[in-house]
Structure formats: C-alpha cells, structure tokens
Amino acid sequence: AQRVTQPEKLLSVFKGAPVELKCNYSYSGSPELFWYVQYSRQRLQLLLRHISRESIKGFTADLNKGETSFHLKKPFAQEEDSAMYYCAPCYGGKLIFGQGTELSVKP
Amino acid sequence: DVKVTQSSRYLVKRTGEKVFLECVQDMDHENMFWYRQDPGLGLRLIYFSYDVKMKEKGDIPEGYSVSREKKERFSLILESASTNQTSMYLCASRPTSGRGNIQYFGAGTRLSVL
C-alpha cells in the first residue's frame, strides 16, 4: 500500500525562523504531489502542488525522487503560517494524506 | 470559486441511530469523496464516487455507505452510529479534467455519537 509519512506531529518555531515540514512517501511510479493547509476554523485548502513549481505565501516544496521526499520550506516563518499542514501524493486519482504536522509560529 | 457545501456543521446523535451527512458541490465535478479526519491519523478515505450512481470503497468503509443519485450531491450514511464514529467528516470534489487532481473541500461536519 502507498504510504505517506510526516514525522513531526508538532513543529514550533519563532517568527522569522526558517521552517521545514518533512514528507516522505512510498515509491510507486511518479505521483503528483500536493501540500494542503488548514488554518484555524477554516476548510482544508490547497497550498501548492509540485508540478506548478510555484511559491505560495513564501512556501516552496522540493521533490526529491531519489529520497521520495517532498519537504515544504519557508525561509522566514510568520505568525499567520500557524496551521495544520498535510502532505498528499495522488495515486490513481485519489489523494493519500499524511498524518499532518501542526505548525506553531510564536511571536 | 468552487463551492462544496456540507449541510451540517455540527451533529449530535445517539448510538444506533441512522445518520445522513449531505454534501453538495456547484462546479459540475464528476468525482466526490468522503473522508474522516482524526488527530494523529490525518484524513482517511471512506468512500468515493467518480460518477452518478457509481461508488468505490476507500480505506475505511466499514460501518458506512454512500449514495450518489445526482451529480452534485454525495451522501454519507452511517447505518447504525457507534461511538467510534465520532469524528470530523470532510467532503471533497474534483473534476476529471482541467485542473485534474486538485480536490476542493467542504467546511466539515463534526459528528458526536453519544
């Protein structure tokens, strides 16, 4: 079965510090990869996907096929980045979600 | 903007009750999904549907069924609610073509089974 691992349940950083949320997935072909975010009291929404190669809200994600990783990075965290983040590869049209990482950015 | 609407934000039901969770999307998407979201477990797929009257089991279908009589509506049914089905339920939809695999989510229904 395809698996997704987000090793950190909670990541706590200070404002202005760099942040990296880790994601590893089990290999099967070349899945499309996504990061979704859920801010407090808001619905789950797409943050970015790897095929777009774009930076959203200062976040980027690097796909490393050799390590089957898709880590999410931001050089300078902001308080408004505090949220729940989910990594989700897509297999056969279905998203497989990781356990999620709660990012807490302290002032 | 894509709109996925779940009929109830909060529901409280008793053990053994039959529970219906409703989801409607307004973007003519072919594919619809039901997940449950639990702390530490992420989102787990219960059922999905890729067309009207079509359904497929996800990873945790036990104790649930679904109905898709119209393209815009996808219902999740708990035949006999149990306390271990207390959870947040999320509905999502996505098109088959266009922006492909991006799923759009509803606001969620928090179900408590007492």
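The values are calculated or read from the model by the stated rules, or taken from the named source; none is laboratory data. Source: prediction; values computed, not measured. Counting neighbours? That spans all protein chains shown, and the Cβs are built from the backbone with ideal geometry, glycine included. Ligands, DNA and RNA are stripped out before the accessible areas are found, and what is left, the full protein with its side chains, is counted by its heavy atoms. Shrake-Rupley method; radii C 1.70, N 1.55, O 1.52, S 1.80 Å.
Note on A:GLN45 and B:TYR10: their simple-model spin labels are 2.4 nm apart, each label 7 Å out from Cα toward Cβ. Per residue, the protein assembly as shown exposes 50 Å² of solvent-accessible protein surface, assessed with a 1.4 angstrom probe and all protein chains in place. Using a cutoff of 8 angstrom between alpha carbon atoms and counting only pairs six or more residues apart, the relative contact order for chain B works out to 36 percent. Debye sum, Cα scatterers, the range A:19-107, no solvent: what log₁₀ I/I(0) at q = 0.15, 0.19, 0.20, 0.25 1/Å? Here log10 of I(q) over I(0) equals -0.52, -0.84, -0.92, -1.40. Averaging over all projection directions, the Cα-based convex hull of the protein assembly as shown occupies 12.1 nm² in the image plane. Probe radius 1.4 Å, ligands and nucleic acids ignored: give me the carbon and sulfur share of the accessible area of chain B as a rounded percent. Taking all protein chains in place, chain B shows 49 percent carbon and sulfur surface. Build a GNM of chain A with springs between Cα atoms under 10 Å apart, and of A:LEU48, A:LEU11, A:LEU72 the one that fluctuates most is A:LEU11.
For trypsin sites (Lys or Arg not before Pro), the sites in the range B:57-98 that DSSP calls loop and that have at most 16 other Cβ atoms within 10 Å are B:LYS71. Total buried accessible area between B and A, probe 1.4 Å, nearest 100: 1600 Å².
What the pair-distance distribution of the range B:17-81 shows, using all Cα-Cα distances binned every 10 Å from zero, is 22, 53, 23, 1 percent. With N as its number of residues, chain B has a Cα radius of gyration that, divided by 2.2 N^0.38 Å, comes to 1.00. Electrostatic tally near B:LEU11: other residues with Cβ closer than 14 Å to its Cβ, Lys and Arg +1, Asp and Glu -1, net +4.
Phi angles across the range B:64-79 convert, under the Karplus curve 6.51 cos²θ - 1.76 cosθ + 1.60 with θ = phi - 60°, into 3J(HN,Hα) values of 10, 9, 9, 9, 9, 8, 10, 4, 7, 10, 9, 10, 10, 10, 9, 5 Hz, Gly and Pro given as x.
Pop out the carbon and sulfur fraction of the accessible area of the range A:4-106 as a percent, whole number, probe 1.4 Å.
Working: 2470 of 4970 Å².
Here it works out to 50 percent.
With contacts defined as alpha carbon pairs under 8 Å and 6 or more residues apart, what's the relative contact order of chain A in percent? Please report the intermediate quantities before stating the final value.
Working: 255 pairs, mean separation 41.4, N = 107.
Value for chain A: 39 percent.
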